[in-house]
Amino acid sequence: MQRAPRTIRWSAKAWGLALCVVSCLFFVAFQGGKLSLMLLIIITCLSVYLLLGRWSGISSARGRREIGGVAGGAMLQAGSALKANIHVDIPGFWPIPYVTVKDKLTKFGGESQVYEGTFVPDWKRRGELSYVTPPLGRGLYKFENVECVTQDIFGLFEHAGVISMPLTFSVLPRTVAIPEWRQLRTLFKGNHQQSSVNGSQRETTQINGVREYIYGDRLAKVHWRATARTGHWKSKEFERESLPKLTIVLDRQTNVYRSSEQFELAVSVAASLLQFAAKRGMSTGFLSVGGGRVFHETPGGYETRGRIEKHLIEVQPDPNGDPSRALRDRSRLPSSGGLVLLVSPQRGESILKALKWLDVNGVSACHLRIGSDGNGKGKDDWSAALRSVGIASYTVQQLDELPLLLGGKGA
């Protein structure tokens, strides 16, 4: 652990104290007497005390931060609160009345939060500060350096030190477990109707990467070299048959979302669907549509899921973007017999034409509409329009409703 030294400059208070000492010297020299001598002794003792406070040891303070079992690079889920404990050890012997600790938590591309508290050092010159953060939103966070500040008993001079102990962690979008999707088999097209889900679960003999060991994996699937190198059990990840496959399309167009909460709901729905597909071993692609920035991942293994996960942590709304145009790009969509899940609050003629175009080309489509207009008639009209052309539709107003909607009937 390295300390970042802090330069202390003479302030107006320091110059004022020096002026008092010099004035007392002149008072003794020109006036004399017991009063002037006593005043000089008092001012000198106070000055020595205040001067030695600079070497109180606060600038050389050491410490460590404990965050509820979270290590560097760890990931949490949105809505989680962190409990932090900061332990400070101050070297030296000069008395310190109290210490103020300031800890800064910064969200990349967002706001910063400063947590401040005070403790009185014990006889070993140690102290501890504990605090709990509010529920954290999706994103990448970093704990900055910890600042320790103390003052003399008169509150005249402030001394500070900085303890360098940065920590970076990620907060994943909130997800909900989907036990089953009753209509999933019937959504796939053609002769693959019954074999699509099972077919996508079959593995090839081509190794696609390394993943964490899952209890029950055969010994033949254990990646012994990676296990020996990392010290943790690792298994081989094999490529899966890609036809038919599932593609999840996330609409990031800014002007279609009424609030940031609605966009977060869309990201959480997409993440929950990806989690459901991964648990089922389905061959899944991901398409994130924004203005001029399209993130696309073809079906893959453990490393591919990691890239999609990283994108979902950092993704933000885009001022432009046209999902209806992206839905017509055959290079990023599954072949005949596949399924496209559109996660978007949009509805209208352009979306309807794009979904019908997929249906004509042998690709099933399903629209998961985020939020509602507060108008039940508009919701029913859009669902009826999709059902009339054989396209499934679900309206998701809260994330907790998703398992019930998919486990039951389309809305």
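Observations on the structure shown:
- Candidates ALA81, ALA160, ALA71, filtered to the one that is part of a strand (DSSP E or B), at pLDDT below 95 and of a type in the set (A, V, I, L, M): ALA160
- Check on SER36, outside the structural domain of PRO91 (by TED's automatic domain parsing), under 15 Å from ILE153 (Cβ atoms) and either among the polar types (S, T, N, Q) or touching a helix residue (DSSP H, G or I) at 6+ places or on another chain (Cβ under 6 Å) (or both): no
- Flag if GLY161 is out of contact with any Phe, Trp or Tyr (no Cβ under 6 Å at 6 or more places or on another chain) and under 30 Å from PRO317 (Cα atoms): no
- Long-range neighbours under 8 Å by Cβ, at least six apart or interchain, first residue touching a residue at least 12 places away in the same chain (Cβ under 8 Å) and part of a helix (DSSP H, G or I) within the stretch 318-331, second polar (S, T, N, Q) and surrounded by 13 or more Cβ atoms within 10 Å (Cβ to Cβ): PRO323/GLN253; PRO323/SER344; PRO323/GLN346; SER324/SER350; ARG330/ASN361
- Among (1) within 27 Å of ARG138 (Cα to Cα); (2) crowded, with 18+ Cβ neighbours inside 10 Å; (3) at pLDDT 85 or above - the single one THR284 does not satisfy: (3)
- Test: residue in the stretch 386-393 that is under 33 Å from the mean Cα position of the chain (by Cα), among the aliphatic types (A, V, I, L, M) and modelled with pLDDT of 90 or more: no
Every residue, every condition in (1) within 16 Å of the chain's Cα centre (by Cα); (2) part of a strand (DSSP E or B), yes or no:
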residue	(1), (2)
VAL88	no, yes
TRP94	no, no
LEU105	yes, yes
VAL114	no, yes
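- LYS379 being basic (Lys, Arg) and at pLDDT below 80: yes
- Search result, residues across the stretch 117-161 that are more than 30 Å from LEU265 (Cβ to Cβ), hydrophobic (A, V, I, L, M, F, W, C) and surrounded by fewer than 19 Cβ atoms within 10 Å (Cβ to Cβ): PHE119, VAL120, TRP123, VAL149, ILE153, PHE154, LEU156, PHE157, ALA160
- Taken together, the residues in the stretch 7-31 that are assigned to a loop (DSSP other than H, G, I, E, B) and either in the same structural domain as PHE154 (by TED's automatic domain parsing) or modelled with pLDDT of 80 or more (or both) amount to 1.
- Scanning the stretch 188-204 for residues that are at pLDDT 75 or above, closer than 30 Å to GLU401 by Cβ and aliphatic (A, V, I, L, M) turns up nothing.
- A search for C-beta distances below 6 Å between a residue of the stretch 213-238 that is closer than 26 Å to MET282 by Cα and any residue that is part of a helix (DSSP H, G or I) and hydroxyl-bearing (Ser, Thr, Tyr), counting only pairs 6+ apart in sequence or on different chains, returns TRP233/THR227; LYS234/THR227; GLU237/TYR302.
- All of LEU50, LEU76, LEU82, LEU105 fail the test of being of a type in the set (A, V, I, L, M) and farther than 25 Å from LYS310 by Cβ, apart from LEU50.
- Pick from the stretch 205-221, criterion of a type outside the set (Asp, Glu) and surrounded by 15 or more Cβ atoms within 10 Å (Cβ to Cβ), ranking: modelled with the lowest pLDDT: ASN208
The values are calculated or read from the model by the stated rules, or taken from the named source; none is laboratory data. Nothing here was measured: the structure is a model prediction, and the numbers come from that model. Cβ sites come from the backbone with ideal geometry, for glycine too, and all protein chains shown count toward neighbours.
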